[in-house]
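**Q** Okay, here's the structure, questions in a sec.
Each value in this text was obtained by applying a stated rule to the coordinates, not by laboratory testing. Predicted model, so just to flag it, every value in this text is computed and none were measured. Every residue, glycine as well, gets a Cβ built from its backbone with ideal geometry; the counts of neighbours run over all protein chains shown.
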Amino acid sequence: MEIDQIETFLAVATYGGFHRAAQALRVSQPAVSARIRMLEESLNATLFIRTRSGISMSSSGKALRPHAEQLLRDLALARQVVHELKPSAVGVLSISAGLSISTYLLPEILKKSQSNDERAVRQFQSGIENGAGRRGGSGAGAFAEPS
């Protein structure tokens with residue numbers, strides 16, 4: 001039993017068909033069929049009843065569904081816990097832009113992408129001088145304070 005097989009099983013059950021599940025998963029319909037077939041073989045059970053008018057879940061499929069949903073919830077939680085343990089990226093972000101971009105567009109973009117990390121420090125400058133003494137564009141920085 002593979003995770004992609006479980007995801008595919010739930011997609012077929014949710015979307016009510018192999019073709020729509022394939023579209024939602026962005027894979028081919030034969031790939032969906034193959035994943036379901038391999039899952040059914042590993043469980044030695046038929047999960048979907050196929051008829052000319054469509055598909056429906058078998059009793060085995062109905063029994064599997066809540067466990068499959070819980071498995072994917074647990075997987076997402078495990079990924080989140082591990083991700084939260086990773087140190088966040090720390091560094092300097094420099095942005096240079098023309099006057100109209102830095103006046104009208106950049107503030108909104110920076111507001112939307114603002115980090116909730118309390119260690120993040122933001123520093124913004126506009127109209128800074130570059131090393132050659134020429135007037136430069138806008139600059140922005142984001143970094144974490146040293147511990």
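**Q** Quick check: net charge around ALA68, other residues with Cβ under 15 Å of its Cβ, Lys/Arg +1 and Asp/Glu -1?
**A** Residues close to ALA68 contribute a combined charge of -2.
**Q** Another question, then. What nm value, rounded to one decimal, do you get for the distance between ALA76 and ARG50 when each label is placed 7 Å out toward the C-beta?
**A** For the pair ALA76/ARG50, the computed spacing is 3.0 nm.
**Q** Oh, and also: Could you please report the charge total around ARG50, scoring K, R as +1 and D, E as -1 over all other residues with beta-carbon less than 12 angstrom from its beta-carbon?
**A** Here the count lands on +1.
**Q** What's the local net charge at MET38, with K and R +1, D and E -1, over the other residues with C-beta under 15 Å away?
**A** After counting each charged neighbour, the total is -3.
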